[in-house]
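Participant: I have a structure here, written as structure tokens, and I will follow up with some questions on it.
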Amino acid sequence: MRTTRALAASAAAVAVLAAAAPAAVADGMNLTPSNVVALPSVIARGGQLTITVNNCTGTATASSDAFPTTTLTSGVNNLATGTATVHRNARQGSHSITVMCQNGSVTNPAAFTVIGGVRGGLGGSSTSGATPTDMAIGGGLVAAAVVGGGLFWMRRRSEKRI
């Protein structure tokens, strides 16, 4: 029994020291911001980017020529995150992001790529009303259906008389 108690006590002591060791080492290290990531890495104009930065302490801001300066929130393990909206008139191509933290700054020169926006939703119906060509085609199809239906009805009617 005494051996079991001694092993349990030493295991608890090792666990406490192991949990405290990373915090003690991190306090002694000089952390600098690193690894700026923007997701998605390819985005259309007007879209939203999620920006993350490692080892960023305190108040942080992210800036780029493609979106306004955005405040990042520091969280667990000094991971700062934030969301930025890309300008609707942003230039197509690769863009950089610079992050300023309390403990320094970091730049990712090719963090994300802006592509041209896609017009969706309305498709070909963006004009106001049908064109004369559309009306002529529609009228021709209706006339063909009426003539075809009339001929079919007349043939069926004449077969009953025989």
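Participant: Kindly indicate whether any position in the stretch 13-28 is at pLDDT 90 or above, open to solvent by 70 Å² or more (accessible area, probe 1.4 Å) and of a type in the set (Asp, Glu).
Facilitator: No, because not a single residue in the stretch 13-28 is at pLDDT 90 or above, open to solvent by 70 Å² or more (accessible area, probe 1.4 Å) and of a type in the set (Asp, Glu).
Each row is one residue, and each column tells you yes or no for (1) without any contact (Cβ under 8 Å) to a residue 24 or more places away in the chain; (2) closer than 12 Å to residue 98 by Cβ.
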| position | (1), (2) |
| --- | --- |
| 34 | no, no |
| 37 | no, no |
| 42 | no, no |
| 49 | no, no |
| 57 | no, no |
| 62 | no, yes |
| 77 | yes, no |
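The values are calculated or read from the model by the stated rules, or taken from the named source; none is laboratory data. Quantities reported herein were computed from a predicted structural model and do not represent experimental measurements. All Cβ positions, glycine included, derive from the backbone under ideal geometry; neighbour counts span all protein chains shown. What goes into the accessible areas is simple: the full protein's heavy atoms, side chains included, and nothing from ligands, DNA or RNA. Shrake-Rupley method; radii C 1.70, N 1.55, O 1.52, S 1.80 Å.
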